[in-house]
Amino acid sequence: QVQLVESGGGLVQAGGSLRLSCAASGRTFSNYAMGWFRQAPGKEREFVAAISRNEITYYADSVKGRFTISRDNAKNTVYLQMNSLKPEDTAVYYCAQGQGSIPTMTATLYPSWGQGTQVTVSS
């Protein structure tokens, strides 16, 4: 059974930075793509970033150049470094583990999810 536990969320002023972590257990972490999604109140869950098993990265246009996804296979952990945060980045951020090694931007294709961590950016 896959377990994903996010951490690192919090309250930050606009322009600030946060680093989210997601610790995984239950499957051979290095074999699977990982993704980050977010959901703001009243909105649908949206893709933020993803990383393949070979560390090829993908980003939503809204975060490109500000966010960086990375993974440490030795620690079974995926990270999301968020810089130049904006109030519109406020959301619950979820990490997800893919079905295979190739990531996707489609949330329904990720079978395993964490519980989420709140990120609030004040103006």
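The values are calculated or read from the model by the stated rules, or taken from the named source; none is laboratory data. Owing to the predicted nature of the structure, the values given are computational and were not obtained by experimental measurement. FYI the Cβ positions are ideal-geometry reconstructions off the backbone, even for glycines, and counts take in every protein chain you see. Side chains are part of the model used for accessible areas, which takes the heavy atoms of the whole protein and leaves out ligands, DNA and RNA. Shrake-Rupley method; radii C 1.70, N 1.55, O 1.52, S 1.80 Å.
Once neighbouring chains are kept in place and the probe is 1.4 Å, which whole percent of the accessible area of the chain is contributed by carbon and sulfur?
46
Can you give the % of DSSP beta bridges in the chain that are antiparallel, to the nearest 5? Provide the component values of the computation, followed by the final result.
Details: 36 of 40 bridges.
Of the beta bridges lying entirely in the chain, close to 90 percent run antiparallel.
So what's the net charge close to L20: Lys and Arg +1, Asp and Glu -1, counting the other residues with Cβ under 11 Å from its Cβ?
Every neighbour counted, the sum reads +1.
What length, rounded to one decimal in nm, is gained on full extension from V5 through to A23, with 0.36 nm per residue of separation minus their alpha-carbon distance? Working shown, then result.
Values: separation 18, 0.36 × 18 = 6.48 nm, distance 0.52 nm.
Gain on stretching V5 to A23: 6.0 nm.
Which of the lysines could a cross-linker span from K86 if the Cα-Cα distance has to be under 28 Å and same-chain partners fewer than 8 positions apart are dropped?
Answer for K86, where 28 Å is the Cα cut-off: K43, K64, listed by chain and number.
Relative contact order of the stretch 14-69: what whole-number percent is it, with Cα pairs under 8 angstrom and at least 6 residues apart?
Reported relative contact order: 24 percent.
Taking K and R as +1 and D and E as -1, what net charge do the other residues with C-beta under 15 Å from the C-beta of D89 add up to?
+4
Net charge around G10, counting only other residues with Cβ within less than 15 Å of its Cβ (Lys, Arg = +1; Asp, Glu = -1)?
Here the count lands on 0.
Where only protein heavy atoms count, and the probe is 1.4 Å, what is the accessible area per residue for the chain in Å²?
50
List the relative contact order of the chain as a percent without decimals, with contacts defined as Cα pairs under 8 Å and 6+ residues apart.
36
Check which residues have an amide H placed less than 5 Å from G10's amide H, if you skip close sequence neighbours.
V119, T120
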